[in-house]
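Asks: To start, I am sharing the structure in question, which I have written as structure tokens.
The values are calculated or read from the model by the stated rules, or taken from the named source; none is laboratory data. In this text the structure is predicted, and so the values were computed from the model without any measurement. Note that each Cβ is placed from the backbone with ideal geometry, even for glycine, and that neighbours are counted across all protein chains shown. Just the protein is used for accessible areas: all its heavy atoms, side chains included, with ligands, DNA and RNA removed. Shrake-Rupley method; radii C 1.70, N 1.55, O 1.52, S 1.80 Å.
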Amino acid sequence: MTATVAGLVAALVSFAGPFAVVLQATRAAHLDEAHTASWVWAIAVGSGVSGLVLSLLTRMPIIVAWSTPGAALLIAAIGGFSFSDAVGAFLVSSVCACILGFTGWFGRLLALVPGSVTSALLAGILLPFVVSGSSAVVTAPAVAGAVVIAFVVAKRFLERYAVVIALAVGVCATVATGAAERVTLDLQLTAPVLTMPTFDPQALLSIGLPLLLITMAAQNAPGLTVLRTSGYTPNDRILVGGVSLVSATLTPFGGHAINLAAITAGICTGPTCHPDPARRYVAGVACGLANLVAGAFASTLVGAYTALPAPMIAALAAVALLPSVITALTATLAGPPATQTAALITLAVTASGIVVVGVGSAFWALIAGLAVWAVLTRATSRARLGASQSALSG
């Protein structure tokens, strides 16, 4: 595989399963076609510009994508707010991420929150979408079932392309069964729509704070890890700060968040991309250019996905999120018993979807998890201290 092909494949994977989650978020926000296309334009162009520029600047394969867990969070949280309030929360989240990135406070903030609790928050957001995939198969076994079966088979033989193959098989099943809706696809440039942000405290707590934490801990941190694992030495200030700056600039056009990619980055950072690590940055350039083209024709892309039945989109989103859910659940159960208990409470509260005083479950889950962790950790520390003092006095 050449570096150029690797970059194109990374972009294709992003616009397969993860893109379906974004479309579900736009539907939860009750957006019209123009605002939906503008949202897609913002995240695609933002990913393209930042990935292209940073790859050329650093000579590393910097793959940038939109926050899929963030989009999943919005499906449950955005419906109770006006879109301008949501955009305000997007803006505050991206500005805070920009500050944390450029100042180097990113690592310090992550150190304050136990990794298991953060992973549980992510698992609680994503797990319901995997569960909904089962309902989709029951509702439309021909199209949704075809997606799941294709994913499992491809996972066995062509794991890297499993989501893309699942999408292709799902489209074929949709056409064969006549389940596709008739839409008119016009290949025309997308005109972004400006939404002036408004700032609602409840939206900032329900959307902004969880979006910031998830994007930084579950997206940017693994993205840096992928680069380091492949032998690169990324400058986290330039990468996280730069990507977040672009994200903040495009939020008024609907983009919820862009970040360093992790899963798709693995396609472009290893030896299968190019044997020479110094040449792999071309994959970042190719992926960035592909995202720019997709953003330019966002309206056409949205129209093509609109033709697909909802159960197929739900099944596609479910299989696309499986790797992230597995990783998050594994990390949730890691660590000492006190941390595990706090993490499982975080997961349960997040997945419950509760809304208290207008604030969504992700915020309350974080509060509950951290409170339980603090209480149990302090109790454990006191018990250890008491045991040590008894041993010394004995």
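Asks: Taking the chain as the reference, fit the longest principal axis to its C-alpha atoms, fit the long axis of helix 281-296 to the helix C-alpha atoms, and give the angle between the two in degrees, 0 to 90, nearest 10.
Replies: Result, in degrees: 60.
Asks: For segment 278-325, what does the alpha-carbon gyration tensor say about shape, rounded, prolate or oblate, given a ≥ b ≥ c as the root eigenvalues, a/c under 1.5 as rounded, and a/b over b/c as prolate?
Replies: Since a/c reaches 1.5 but b/c is at least a/b, the shape of segment 278-325 is classed as oblate.
Asks: Any chance you could check the Cα centroid distance between segment 269-309 and segment 198-246 for me, in angstrom?
Replies: Between the Cα centres of segment 269-309 and segment 198-246 lies a distance of 20 Å.
Asks: Taking θ = phi - 60°, what integer Hz values does the Karplus form 6.51 cos²θ - 1.76 cosθ + 1.60 yield along segment 350-359, in sequence order, with x for Gly and Pro?
Replies: Each residue's phi maps through the Karplus curve to give 4, 5, 5, x, 5, 10, 10, 6, x, 10 Hz.
Asks: Given labels modelled 7 Å from the Cα in the Cβ direction, how far is it in nm from Ala348 to Ala307?
Replies: That separation, rounded to one decimal, is 4.7 nm.
Asks: On to the next question. Would any residue of segment 224-240 have its amide N under 17 Å from a label point 7 Å out along Cα→Cβ of Arg108? List them or say none.
Replies: 236-238
Asks: Next up: Dividing the alpha-carbon radius of gyration of the chain by 2.2 N^0.38 Å (N being the number of residues), what value is obtained?
Replies: Against the empirical 2.2 N^0.38 Å value, I get 0.99 for the chain.
Asks: Further question: Using a/c under 1.5 as the rounded threshold, could you call segment 133-195 rounded, prolate or oblate? The axes a ≥ b ≥ c are square roots of the C-alpha gyration tensor eigenvalues, and prolate needs a/b larger than b/c, oblate otherwise.
Replies: It is prolate, given that a/c is not under 1.5 and a/b is the larger ratio.
Asks: Tell me the per residue accessible area of segment 139-212 using a 1.4 Å probe; a whole number in Å² is fine.
Replies: 60 Å²
Asks: Between Arg237 and Ile149, how many nm apart are label points set 7 Å from Cα along the C-beta direction?
Replies: Here the answer is 5.6 nm between the modelled labels.
Asks: Right, here's the next one. Could you estimate the translational diffusion coefficient of segment 145-272 from the Stokes-Einstein equation, with Rh from the Kirkwood formula over C-alpha pairs, at 25 °C and 0.890 mPa s, in whole µm²/s?
Replies: D, rounded to a whole number, is 134 µm²/s.
Asks: Mind jotting down the three principal axis lengths of segment 80-162 based on Cα atoms? Whole angstrom, largest first.
Replies: That works out to 50, 35, 23 Å along the principal axes.
Asks: Which of rounded, prolate, oblate describes segment 109-213, given a ≥ b ≥ c as roots of the alpha-carbon gyration tensor eigenvalues and a/c under 1.5 marking rounded, otherwise prolate only if a/b is larger than b/c?
Replies: oblate
Asks: Something else now. By how many degrees, 0 to 90 and rounded to 10, does the Cα axis of helix 310-332 deviate from the longest principal axis of the chain?
Replies: 30 degrees
Asks: Output wanted: per-residue J couplings in Hz (rounded whole) for segment 100-115, from phi through Karplus 6.51 cos²θ - 1.76 cosθ + 1.60, θ = phi - 60°, x for Gly and Pro.
Replies: 4, x, 5, 7, x, 7, 3, x, 5, 5, 4, 5, 6, 10, x, x
Asks: Ranked from highest to lowest mean number of other Cβ atoms within 10 Å per residue, what is the order of the peptides 236-242, 134-140?
Replies: Order by mean packing, descending: 236-242, 134-140.
Asks: Under the Karplus relation 6.51 cos²θ - 1.76 cosθ + 1.60, θ = phi - 60°, what is the ordered set of whole-Hz ³J(HN,Hα) values for segment 126-137, x standing for Gly and Pro?
Replies: Working through the residues one at a time gives 7, 4, x, 6, 5, 4, 5, x, 5, 4, 5, 5 Hz.
Asks: Could you state the angle between the C-alpha long axis of helix 162-177 and the longest principal axis of the C-alpha atoms of the chain, as a value from 0 to 90 degrees rounded to the nearest 10?
Replies: That works out to roughly 50 degrees.
Asks: Treating segment 328-376 as a set of equal point scatterers at the Cα positions, no solvent, please give the Debye-formula log₁₀ I(q)/I(0) at q = 0.25 Å⁻¹.
Replies: The Cα Debye sum returns log10 ratios of -0.85.
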